[in-house]
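For reference, the structure discussed in these notes is given below.
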């Protein structure tokens, strides 16, 4: 393994870590949904990991297609930006709908139930999140992949993509689990019945952070 590739792998790892850490959309939706829907730690980690895989893999596939057909990085970045806008708006829309649903249930003072009880016992929330994360791009990944690809190193492309993906997913899961554990110490009491509405509002804010702040 060349020195250049080692540096590139280290760069991919650091970018994957910080890219995930500064983007609240990578973990906030899972934290608030885990609390409002009372997911176990295992289920929370499993859903977060699944969404992380979809998030990274979609960009890897797009980058692979670009490499195979010689598409310019600029054009791929345009596609990634377009996907990012769609994902942000879908995240906002999902958060709004979930918040309205949660608010209605809180006002009606019905027992604490879950969305899947209204859709044929199918728990749709994880799949909605998965779809959103598949749409959401890993913007820094494709430019990094292009360097080893330009040197005709398939091994380099695999190592860079694998490192970036692994660090991204591990960071997502770690932050989600720690934040979820810390959230348990915040007393809700009278606000407990508004947990779904608050979760939806938090998801809207994470989507707005993408659109307004570009996180």
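When residues in the range 42-80 are screened for being surrounded by fewer than 18 Cβ atoms within 10 Å (Cβ to Cβ) and under 12 Å from residue 142 (Cα atoms), 12 of them pass. If you go through the range 99-130 and keep only what is farther than 23 Å from residue 43 by Cα and modelled with pLDDT under 85, you end up with 105, 106, 107, 108, 109, 110.
Within the range 162-198, the set of residues being more than 15 Å from residue 21 (Cβ to Cβ), modelled with pLDDT of 90 or more and in contact with a helix residue (DSSP H, G or I) (Cβ under 6 Å, 6 or more places away or on another chain) comprises 163, 165, 180. Within the set 149, 179, the sole residue that is more than 29 Å from residue 92 (Cβ to Cβ), part of a helix (DSSP H, G or I) and touching a residue at least 24 places away in the same chain (Cβ under 8 Å) turns out to be 149.
Does any residue of the range 49-62 turn out to be assigned to a loop (DSSP other than H, G, I, E, B) and either modelled with pLDDT of 90 or more or within 13 Å of the chain's Cα centre (by Cα) (or both)?
For the range 49-62, residues assigned to a loop (DSSP other than H, G, I, E, B) and either modelled with pLDDT of 90 or more or within 13 Å of the chain's Cα centre (by Cα) (or both): absent.
The values are calculated or read from the model by the stated rules, or taken from the named source; none is laboratory data. None of the values given here were measured: they were computed from a predicted structure. Note that each Cβ is placed from the backbone with ideal geometry, even for glycine, and that neighbours are counted across all protein chains shown.
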